[in-house]
Structures are given as C-alpha cells and as structure tokens.
4 protein chains.
Amino acid sequence: MTPRGRHFFANPGPTNIPDSVLQAIAHHTVDFNGPDFLEIYDACIAGLKRVLRTKQHLFMYTGSGHAAWEATLANLFSPGDRILVIETGHFSESWGSMARDLGLQVQSLPADWRRGVDYGALSAALADDRAHAIKAIGAVHNETSTGMTLDLPRIRAALDAAGHPALLMADTISSLGSIDFRMDEWGVDAAVGGSQKGLMLPVGFSFTGVSEKAMAAHAKSTLPKHYFGWTQMLARRHRSFIGTVPIALFYGLRESLRLIEEEGLENILARHHRLAEAVRRCVRHWSGNNGPQLFGLAPERLSDSVTSILMPEGHDAESLRRRVATMNVALGGGLGRLGGKVFRIGHLGDLNEPMVLGTLGATEIGLKLEGIPHAAGGVDAAMAYLAETAP
Amino acid sequence: MTPRGRHFFANPGPTNIPDSVLQAIAHHTVDFNGPDFLEIYDACIAGLKRVLRTKQHLFMYTGSGHAAWEATLANLFSPGDRILVIETGHFSESWGSMARDLGLQVQSLPADWRRGVDYGALSAALADDRAHAIKAIGAVHNETSTGMTLDLPRIRAALDAAGHPALLMADTISSLGSIDFRMDEWGVDAAVGGSQKGLMLPVGFSFTGVSEKAMAAHAKSTLPKHYFGWTQMLARRHRSFIGTVPIALFYGLRESLRLIEEEGLENILARHHRLAEAVRRCVRHWSGNNGPQLFGLAPERLSDSVTSILMPEGHDAESLRRRVATMNVALGGGLGRLGGKVFRIGHLGDLNEPMVLGTLGATEIGLKLEGIPHAAGGVDAAMAYLAETAP
Amino acid sequence: MTPRGRHFFANPGPTNIPDSVLQAIAHHTVDFNGPDFLEIYDACIAGLKRVLRTKQHLFMYTGSGHAAWEATLANLFSPGDRILVIETGHFSESWGSMARDLGLQVQSLPADWRRGVDYGALSAALADDRAHAIKAIGAVHNETSTGMTLDLPRIRAALDAAGHPALLMADTISSLGSIDFRMDEWGVDAAVGGSQKGLMLPVGFSFTGVSEKAMAAHAKSTLPKHYFGWTQMLARRHRSFIGTVPIALFYGLRESLRLIEEEGLENILARHHRLAEAVRRCVRHWSGNNGPQLFGLAPERLSDSVTSILMPEGHDAESLRRRVATMNVALGGGLGRLGGKVFRIGHLGDLNEPMVLGTLGATEIGLKLEGIPHAAGGVDAAMAYLAETAP
Amino acid sequence: MTPRGRHFFANPGPTNIPDSVLQAIAHHTVDFNGPDFLEIYDACIAGLKRVLRTKQHLFMYTGSGHAAWEATLANLFSPGDRILVIETGHFSESWGSMARDLGLQVQSLPADWRRGVDYGALSAALADDRAHAIKAIGAVHNETSTGMTLDLPRIRAALDAAGHPALLMADTISSLGSIDFRMDEWGVDAAVGGSQKGLMLPVGFSFTGVSEKAMAAHAKSTLPKHYFGWTQMLARRHRSFIGTVPIALFYGLRESLRLIEEEGLENILARHHRLAEAVRRCVRHWSGNNGPQLFGLAPERLSDSVTSILMPEGHDAESLRRRVATMNVALGGGLGRLGGKVFRIGHLGDLNEPMVLGTLGATEIGLKLEGIPHAAGGVDAAMAYLAETAP
C-alpha cells in the first residue's frame, strides 16, 4: 500500500530533495549544445566552484560518487603508484579497494573507527616515507558509515610539516554543502563530490575539484582512461562530461545553487550543526539505561551530516529500521561490518526542526516497540536544545 | 527567503496534498466532453458517492465549500423559508449569515461553543414548531473553528421522534473522509462537501449529496439560481457543473480516490482517530501548569480532524503561530470571535506519525520560546499513546 | 491506451497550460491568510488588473466563467431589471438564459451568427429606450462558438451617442490576454473573465473588473447573493472570495503573469493575430473544392483566439474530430445548434508555429481520411503566411 | 525570454520525455536498499531485459552512453587486445578513440559514411584474421551522425560463415526501443544502451546486455576497472551499479517500461518506421531544386530514429538551425566532420504525427527564410504518406 503522509528520508545517502529542485529536474529535454542551455551550464559550473570554494579546475562526470573517485585516481596516477588512505570506515575501505582494482598500491593508515585516526601516526608515516613513494593521501572528509569527520587542515599541516609532496585528495561527498569545506584555502588537490547529498539533487553527476598541482600530476598519469579523462574533457565545449550532458540535473543544480546562495553557506553550515547537535542530544539521552549510543567516541569529530548510533548488545538495528519504516521514516542501516549493529540518521540537505523531531519521535517509538533498552525522553532533550539555540 | 525543509501544514483548512495528487493535478488540458475524460469523470462521480456513502444524487460545482452551501440553500428553498441552524461556532454563524443574505429566515439553536448543543433543546425546538415552519435543519458535522462535532444520527433521531418533516442538511466539509459519515444510513438529505479537506485536493470543487426527499423539495424551490441550479445541471451530460468542468481536479480526484480506496475508509477513520488522540494527549499534558487546553470540553464530541486549543489568559495565539512558522510549521488561527485566543492543529488527510510529532514538537518549542505557561512533555505523551496503539 | 507523444489541445476552451504554470500549481498547501501567501496574492491582483487594463475594482470567485457571469448579474441588478444582450452565438444565449433564471428581463438584440450584429440596430434599440429601462448591455467580446468578436469601443460609442446610462458588461473570457481589451479606456463597466483561457491556467477562478459606475449600481442591487457578494467580499482581507481562497491557482497565476509581462501584452496580441491568420489562410485554402469554410463571414470580426469552421453540407464535424483525435489532436466541436456542423480550432494562450502547423496538418490528414471535400494545401498556405510574417 | 508554446525537441540525442515519465522521475528519495525500492528495481531489470530481448546478463551504470561503452571494453578486454570497429560515422570514430585510450588495438573497417560498409569487406577482414587476433567486432547499430543503420544479423552471419570467434558488440544507444533489435536471437554478445533515447528518459544510466560467451571473456579480462566492474557488481545486491543507485531514474524507467509494454514493441517499431518515412518523404521532396537531401544514400539502411540531411553546397546548417530555433524547434546539428554541412531530425521516442508535422513545417519555413534552395511542399508529401498509411 502507498504509505500515508510525507516520507521522512533520514538515510544519510542520498538525501531528501526540495520540491522546487524536483520540479526543476522534471524539465523537458533541450539541446545541451544550444546557447540557452550553455548559459545555464556555465552559471552552474561557476556556482559549484563557489560551493567548493575553489578558483581552480572542476571536472564533472555523469556518474555516482564512486565515479568521481575512480576518475580522480585514473587521472592522477600511473600503475603501481602508491597512495596512503586514512582508515575511517566503510568508505575509506571502498576507496582503497577501488585503488587496488585500478592497479595502485594502497598503504592504509589504520584507525579505530569509533575514535578516528591518530594524526601523529599520519605524521610518522609521512616522515617514514623519505623516498616520497606516497603520491597522495586519500582522506574521507566525512565518513558516513561512522558519522565521523577528518580534520583536513590538520592533514594539510602534517604534509607541510613533513615537507612531503603528496597530493591531498578529499572525499567531500557527504560533507560539501553541509560541513565546512574550503578547497583552495585548505590546500586540497582533489576534492571529490557528488550531486546527491548537500547539493540536494538525485544521484546523477559527480565531480572533482582539481588544483594546479594536481593538474601537473595528471599530465604524467598513465592509467588508461577516456570516459573520465580530464584531457579529453578539456577538448570539449563543456570541458567536462564525455558524451551527453545530464541536462535535467543542471536545471536542478541551478535551483539548488539558488537555494544555497539564498540561504548562504555560513547559515547552511550553522543550520546543519544545530540540527545535528539536536540529534546527538537525543541519542545521548537515549544512551541512559544501556540504550543506543553515539558510535563516534570523539566529540569534536562527530559529523554534522550524519549520526551513527550503536545498538545495545544483542539488539538488531534492522528490526528497529523495519519498525520505524512502518511510520514512513527511513533510517540508514549499518554499512559493511557495521551491518545490524548500527543505524544512522542522516541530517543533511533540505532539513528543518519538525523533520528532525518527527524522525527522532518515530525512532523513539520504535525503540519502545522493539523492546530496546533506552532512556525515554530523547526527543525532549532535542527540543530543549533547539529551544535554547533558536535563531 | 525560501524556508528550508518540508512545509508542515497543520492548518485545518485546506489540508496538505499528497505528492501523487499534486502530480495528477498538473495534467495538461483535455477536452472535458471527450470520451477519455468522461470515463474518468464518471468513475470519479461513482467513487465520490462511495465516500459519501450514498446511492442518491450528487451535484458538483466549481467553487469552494461556501459555494456548495449556497447551492444547497438556493436549490432547496424559496424566499422567506425558515431553517434552523444549530450553533456550533464560526461556520454555523457563516451559514446562517449566508442564508439570511439569500432571503431565508434563520432560527438559531444556541449553544455553548465549548460544550456543544443540548440535543434536548433541539427536540424542544422541533416540538414547538407544530406548523412545520422549519423547512430544514442545518448542522455542521465538524466545526473546524472549535474542533467539535455534532452527532448526526442523534439529530436524525430527534427529527424522527418529533415526526418533523424538516430536511437534514449536514456540512461535511471538514469531516468527509476523516470522520465517519454515512449519508443514506443516517438520513441526511443534503450533504455539503468540498475538495480541500479529507479528499486531499486543492480548493476548487464542492458538492452536495442530495436525497430523493430533497429533490422533491428542490422541485418547489423558487430562489433564483442558474450557476448552482440542479435542474439546469440535469440537462447536461455531466449532470453537474454549469460551464467548463474543472478538468485538472478530476485527475487529482481520481488519484485521491485511489488512495482512499487503497487504504479503506475504515482504516482511514481509525488512522485519523489515533493521530487526533495523540494530539489531544499532548495538549492535555501541556494544560498542566495553567497551559493551553483543549477548547472543547465535551470529550465525546472532540473532532478527529482538527483540535482547537485555548491559550492561557493573557497570551496571544498569533505570537505563537508566528514563532512556530519560523520552523516552517503552519498552525491554524482562531476564527471570528476566537481570533487570538485559540490556535488550531489540523490533523486530517494525508498524515502520519512523524508529521504529527514534528508539528507538536515545533509547537512545544514555540510555547517555551514565547514564555507561555505549559507542562513540558506533551510530545512524550503523544509518543506514549502512539506506541501503545501502534498497529 | 495512453496516446503517444504530446497532446495537441486545440479546443478553444479551456486552453493548453505551459509546463511552468502546471508546475507552479502543483504547490503544497499554505496558509492563505499568512504573510507569505498574501504577498503573492496582492501582487497577482495588481498584475491581473494590469492585464484587464483597469485601475478600478476587481472581484474574484472560486468558480468557472459562468460563476463570474452570475456574480456580475447578481451584484448589479434587482429582480425585474432589464438587460439587453447582443446576440452573438451560443454564449450570448447562455448569458440570457442565466439572466432570466435570476429573474431579470432579457431583451435580445438579434443577429446573424455568421455576420454579427448590426451596430445600427443597437443604436436604434437604445434610442427606442427613452425610459432607460435597459440597465445594462451584455456583450460577448469574443464568441467562442462562432469565432467572431464584437467591437466594444463601437458599442461604447453607441451608448454615448444615445446618451444612454446603461452599464456596459463585457464577457472577456476568451479574449483577455489574446485579443486587445482595455477596460478603463473603453468604458467597460463590468468585465467578466476566467482563469482558463488567455491566462493559461486551469479552470478554477473567475472574476469581474468593476467600474466606479457599476459599484454605484451595485449599491442598489437587491438580487440575493452571498458567495458572489461584492459587499461581503469588501469586508474580508482578500477583498474577493467568500470562503477558502484557491491557493494553488495563485501560484499558477503568478507564473502566468510573469510569462505575460515577460512577453508583453502587445507582443502577445501580435502573436495571437499572426497564428490566427495562419489558421484562417489554411481554412480559406481548404474551402476550395466545396471544402470546409470559415464560419464567420465578416473578415474584420474574425477572432484571433478561435476559428470556427463550417463543414460542407452532409459531412459530420464529429467524425472529423474523432479521426483527428487518433493523432492526439483535440479539435473543438460545434456548440449548441452548431453541433456536428462546425468544428473549431483554438489558437490562444501558450502557442507557437509548430503547434499550429501540427494541428492543421493533422486536420488536413483527417479531411482526406474522412473523404471530406477540400482543396489540399492548406498547411502550405499557413506556412507561406508564417514565412512572410516571420519576426 | 521564455519561448512560447511547447518546445519541439527534434534533436536525435537525447530525446523528448513523456510528461508521465518526467513526473515519475520527480520522486522523493527513498532507500535504494529498502524492500519497496528493490521490488521496483527488480521489475525494471526484468523489463529492460525484455526490451533488449535477452535472457542473459545485464549490467547497469550510473553514466551516459559512453560510460557503457567504456564499461564494455574494460570488462571484456586486456591491454593490447585488438578489436575491429566498423566505420559508420562520428560514433564509430569515438568508440575507436576510446578503445585506443584504454590501450586496445583498433582495426577500423573503413566505409563511406553515406553508403555504409561493404559487408563483403567485413567477411574479407575476418577471413584475413586467421590467427583470430580480432577479439571483437564493434558495430554501431544506428549511427546517429549519419542516420544509417548496420544489419546486425548480417554481421553475425559473416562471423559464423568465417568461423571466427570474435565477440559481437553492438551499440544500440539510439536504436533500442525504436528500431528492431534482438540480442539473443541475433547472437549479440554485448549490447550497449542508454536511458536517453528509446527508453524516453533523461541521460543518467546506461547498460550492457552481456552474453554467456562474453561473460567467459570477461573472466580473462585484465584491463583495470572497479566502477564499471561486472565482477564487483555481481557481489552486490543490485548486481549492477557501484555506489548509490540512480533511484529517481528507476521510477522513470518503471513508467517508460509501462508505456512501452502498453503499446507493444512491434507497434512501437511500426510507429517509428511510419513517422521516419514521413520525414524522408518530406526531405526527398525538398531535395528537388537542388535542395537539402538525405545524407544516407542506401535506402534500406536509413534509420527509423534519426534522419541526417545534407545541406546544399554553400549553405550553412547552423544558420538554419538557429532560424528554426526561433520557432521553438530544436533540430540536431552535424557532428564532427559533418558540422555545418548536415542537420538532423530526431524522430524517436514519444512522438506522433502532429509533432513531426510541426517540426517539418517549421523547418520548411526556415528553409524559405534562409534562402536555401528547396522544392516547397515537403510537408504535403509527409502528410500524403501519413494519410495513406493511417492505422
């Protein structure tokens, strides 16, 4: 049966889409080489660069976030090159796995998923690499499987302190437009992002912001590529996209950029932080009575776009998710090795207080109905925080 | 600025519209006399009769709910005819005022708005009318200004007991599809409804379900009419609507009837009752500490489609509404003499648990921020009830 | 089966709706008394007055065009008042019939439907009415059943020349936004219009532009009214609409006004004239070999929003319409006494050259397939004209 | 300025999208791992296999048509492998170029673009390859730059006759759902397709139908891959897509498959042929007086989804396209070396008679206005053919 009422999509990936963006996407087809579309296209490229906070290069792909990962690797490296991937969770593992499939050597910097990496260990690894075999560091800015972030300026500082020439690659898929990110200021060489998170669009395009330094690396890269090839793209009018441009998504992007610029990036980040903190207050409250707790143990690293919540021992996150789904609320599940142990609440994109409270309320009802231990009153804690911090 | 996140429309009139109905309405224009449309039209008429629970007559108008009121009066009566309007609140007053403007005599059966009519007084009024001057009783089934209902079978019984031939006219605008209503079984002679409430459509069409007995009265009616004229309508293929048919709304109605029949009227009524009761549990909790309280004082008469909430003395409902609006939640205001004293929460149509909890949560935050006395924890009370009664 | 390809709606009533307007209408519900909506509302009222070219009064109704007719009559007259209706075709007959139903005396000024009224006869009728019993003249500006227009300034001049105080009421339903109309400049006292033609919206609201002189007449009017009552409306914030405002249509109207003002009324009228003339060139060509011919015989009176086409004797317009419908093109049928004898091509609203050519092309194929005599090459004649007059 | 009237998108790539598909795509986000979505997903996979006429394997990618090309190459081959690409036009060149970029050896079988390949030369090339160095033949089923098709069964027969084990790869991007294609029956080993043509969807996903024989080749392939990796995909629940699934497009695909199955593939192909032939009749007529002519010179190879039209010497196709664009009709331009010399009319997907006639009509007007020699009356020729062949 068609569920009644609005769907509450609180799954951290992809994200809910504003009605005006949905309507913008439902656009009849036009000539993607025609002057009317090109005007929109060029304005979108400029707007997306402003969101990335870069004045350098931007390459776009029809593809999901993983496409942009692969494009970035294929354009920067040659077979056998070594990259250092900082372990953060499921997505750092995926990135490593992809790089190996493409013929790269992957050095993993291990980390406890709940506490996050030891930045000292990163400095040590860089110091150890006297030969500069490490061509790049891969850092997942916001790891949606754990709800933890990496401190990119600190990684930049470690590279600088070590005088290490490795490129800094950041996965901003679930941070861009939700969590502060500044490509040029932070010295990020390759910033990987996608349409389906903070840009509030469906899955469909992804992109890499590319520094001049990375462009120099690209010139020497020999991994085979064409669909993702930056050099091939530079020969085209659109300077991105091999083949047909995803026209409809640009109408959507124009609208989402309008929404973003209307609200202002600073205000958007503040809104995300406030709503995220409301979720955390709720979960911290629930954690009494041996209830579900925040997966992340390092408070300063907790994500403002997604919260991972660890179930009490012996309780299945999937049962809870199914129960909450009967109230038309979609929570995220645990990814990879966290399957069944963790559930996740996405709080990014087009979100406001009642959406968060409705999601938390349904979840608290679900905890009760599933007989999962918890301290009741989490929603109250969230409400108290929201009242205290009302604009 | 465009508000962020989904709008929570908790204003009892009109109501939120499901996405699939919105899309259905966004239909290109077609010939309303063509065979493809007529097939849809006829199916909608049949479906709407099932919702009204009638096998008698149905006349539809391009117009709002007030249009159907006026149509009903104009088609049933002659200048100087007397009708008895049961006082329920703002809308019974409006109905009376309209009838007077049309040249009818209006006898009001007075009632306390918070307690509702004394059915004994109704029986007494009927008994008093030995000459049967009263041609009809006008009863607002669900008074959205007060959040109170009338017991239509009891009114029918009073008529029958008195052996009084007056027609029974019911305003089902805010009850149909949300609160149990059975036109034929309950002996209602004229049932007035509109598109914009339980049918989950925009404002645009309204209608009267008409009994055979009422059709006989119509035959003698001399009030001038044409646009609303039932006799004129019977001469047309559509047997409703003078002039162009509101085509787009029929595509919407087809979808809303599909949703209604998919869920089933019994299930819809049960859902409305449960969500309404959750709202009432919340408000009853808030009423501690001299907080806002249920406007209606007769528990068995409280509406399952809207709750009216009386502000504590000295506090302005409009300030609260403005505050809650900053969280993208629209509460209803007090109507007529209740302006500023009452706010209302609509809970009808396409609604689920998190929508209700989000609305109540934002409202409780608003109470706090506006310094309005209340017992915190209303949302918890609602959640507890929803957990207890989970399907 | 769902027909393939875009529907060509060439039926003069209602009209095709631009995609952007359809999307605008598919808007979630908002509080029609809230400040955000009221800002849109007020801007729409101002914009609609600019389209009507009036600075006087405007009253709006949830209803179809007939609702605005009835509202206009009910607000201006008292039982037994006489109005003079200029015969133009099906819609002047309908207007007369409505007026009689409301208790007015209707004096018809007869006219040949194919040639249009003799303006001299109008002057004579006014001169005859020395007692000024005629309270108003009812003139259908553009008669969609015949595809003929009335010269409103000439009617105004006849009134002035006769020194006759009758009000001038104009039905602009199918002319406004398509054919030049200037309420204030032309001395029109009541201009009746609707959403579903030149405003490119669905059926849903209609309105009357009202002069100061007509407001004075309104003050003395005793016909019963409430839903349509101007005085009742003036007591409301919206100064129009009794009951719920048709919210969604205002989002649509905002967009259609944006389109209208972007193109400019003068350009819109020129576009309509050019596309209408292309249709006429086509029909005139077809009329060779005893083919279908223009219904209207007075070239200077032919409508720029709809063309009525008379079938050759012995051929059924409905067969042709059914045939053309198999190509997903909806032609208009003959109304009233013209049923079966006439078909109509609407060419108003959101229209361009290929839409007209596609419609004419399918119609010419239909003529051939149905064995209806005609001179082939009508589409060529239309194309030649469009080429000559290309901007 | 917003152009008036419906946009006529007659550019062969991508294609126009039915309103119901556009609406389906404008769907709120859901969990792509949740049971409700998976049910839709699985049904779509099954439906897409029916369109491909295969019971073998299907792998899908978030990406454009070029992504599916690259995926197919990367999954089937190892560095240095040789493939034989049959020259057809711009897209066979692109395919070759991509293959070279990926490290393959590309042997081109040259052909005159206007006449198409000599199948005898193909047999000769296969016979020459006694060592079976050619691992696969790449055949563009429908070359949209030239409007010419390849006879895939004949290519299959040439392989069989030669006893050559090369795989047969077919690019069906602009043929699938428009021109007869039967993967299993015709022994195609890899069928590359995309969302944006006969499936009537926006650009967004592409896919490869894969035979058992090709799966065996895949097992030995060593080209690096991950995002496009079939083996990686088989480890996932969706058995396609690395990363997030393009959710919205599946709602669209469900609707487009519904439309396709409602009409029936046979009827769809017949409709395409008829409308394509109408375009050809028109162009053949124009070609009198040294007018524009069909680019393709082999009648039996002309495409039913797109027609390429060669401008008369000394006339610029781009001027014509700009002129026709003023009537809101988008023609396709010449690709690659055909730029300026050719324009193209797409006639695939959701199309009917008046859409074709409107497009041809605007084009004929454009020819006249641009002073391009042609025999007037092309639209008449198209109409005559459509009348003769009316269902």
If you go through segment A:172-179 one residue at a time, do you hit one that is under 30 Å from A:T222 (Cβ atoms), more than 14 Å from chain D (Cβ to nearest Cβ) and within 12 Å of the chain's Cα centre (by Cα)? yes
For C:H57, state whether it is within 13 Å of chain D (Cβ to nearest Cβ), open to solvent by 40 Å² or more (accessible area, probe 1.4 Å) and either at pLDDT 95 or above or touching a Leu at 6+ places or on another chain (Cβ under 8 Å) (or both). no
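Quick grid of which residues meet (1) on the phi > 0 side of the Ramachandran plot; (2) modelled with pLDDT of 95 or more; (3) among the hydrophobic types (A, V, I, L, M, F, W, C):
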residue	(1), (2), (3)
A:L320	no, yes, yes
A:M327	no, yes, yes
A:G336	yes, no, no
A:R344	no, yes, no
A:T359	no, yes, no
A:L369	no, yes, yes
A:A381	no, yes, yes
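When you scan segment D:153-173, how many residues do you find that are closer than 29 Å to D:E263 by Cβ and either out of contact with any Asp or Glu (no Cβ under 8 Å at 6 or more places or on another chain) or modelled with pLDDT under 95 (or both)?
The qualifying residues number 8.
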Any idea which residue in segment D:112-146 is surrounded by the fewest Cβ atoms within 10 Å (Cβ to Cβ), counting only those that are farther than 25 Å from D:L338 by Cα and in contact (Cβ under 8 Å) with a residue 60 or more places away in the chain? D:K135
Anything in segment A:227-254 that is free of Cβ contacts under 8 Å to residues at least 40 places away in the same chain, in a helix (DSSP H, G or I) and of a type in the set (A, V, I, L, M)? List them, or say none. A:L234
Whichever residue in segment C:184-195 is surrounded by 24 or more Cβ atoms within 10 Å (Cβ to Cβ) and either out of contact with any Ser or Thr (no Cβ under 6 Å at 6 or more places or on another chain) or not assigned by TED's automatic domain parsing to the domain that holds C:F241 (or both) and, among such residues, is farthest from B:L249 (Cα to Cα): C:V188
Can you confirm whether C:Y41 is within 20 Å of C:K197 (Cβ to Cβ) and of a type in the set (S, T, Y)? no
Test D:M200 against the criterion of being part of a helix (DSSP H, G or I), in the same structural domain as D:R82 (by TED's automatic domain parsing) and either in contact (Cβ under 8 Å) with a residue 40 or more places away in the chain or more than 28 Å from D:A26 (Cβ to Cβ) (or both), and give yes or no. no
Tell me, please, whether a residue that is touching a Phe, Trp or Tyr at 6+ places or on another chain (Cβ under 9 Å), of a type in the set (D, E, K, R) and more than 12 Å from chain C (Cβ to nearest Cβ) can be found in segment B:156-166. yes
Flagged in segment A:113-166 as charged (D, E, K, R) and outside any loop (DSSP other than H, G, I, E, B), in numbering order, are A:D128, A:K135, A:E143, A:R154, A:R156, A:D160
Among (1) surrounded by fewer than 22 Cβ atoms within 10 Å (Cβ to Cβ); (2) free of Cβ contacts under 8 Å to residues at least 60 places away in the same chain, which single condition is C:V85 missing? (1)
Output the residues belonging to segment C:56-112 that are outside any helix (DSSP H, G or I) and of a type in the set (F, W, Y). C:F59, C:Y61, C:F77
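Let's see how each residue does on (1) open to solvent by 10 Å² or more (accessible area, probe 1.4 Å); (2) within 7 Å of another protein chain (Cβ to nearest Cβ); (3) free of Cβ contacts under 8 Å to residues at least 40 places away in the same chain; (4) among the acidic types (D, E):
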site	(1), (2), (3), (4)
C:F8	yes, yes, no, no
C:V21	no, no, no, no
C:F32	yes, no, no, no
C:F37	no, no, no, no
C:I40	yes, no, no, no
C:K49	yes, no, no, no
C:R53	yes, no, no, no
C:G63	no, yes, no, no
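The values are calculated or read from the model by the stated rules, or taken from the named source; none is laboratory data. These numbers were taken from a predicted model, which means no experiment stands behind them. In this analysis, Cβ positions are derived from the backbone assuming ideal geometry, glycine residues included, and neighbour counts consider all displayed protein chains. For the accessible areas, the whole protein counts, side chains as well, though only heavy atoms, and no ligand, DNA or RNA atoms are used. Shrake-Rupley method; radii C 1.70, N 1.55, O 1.52, S 1.80 Å.
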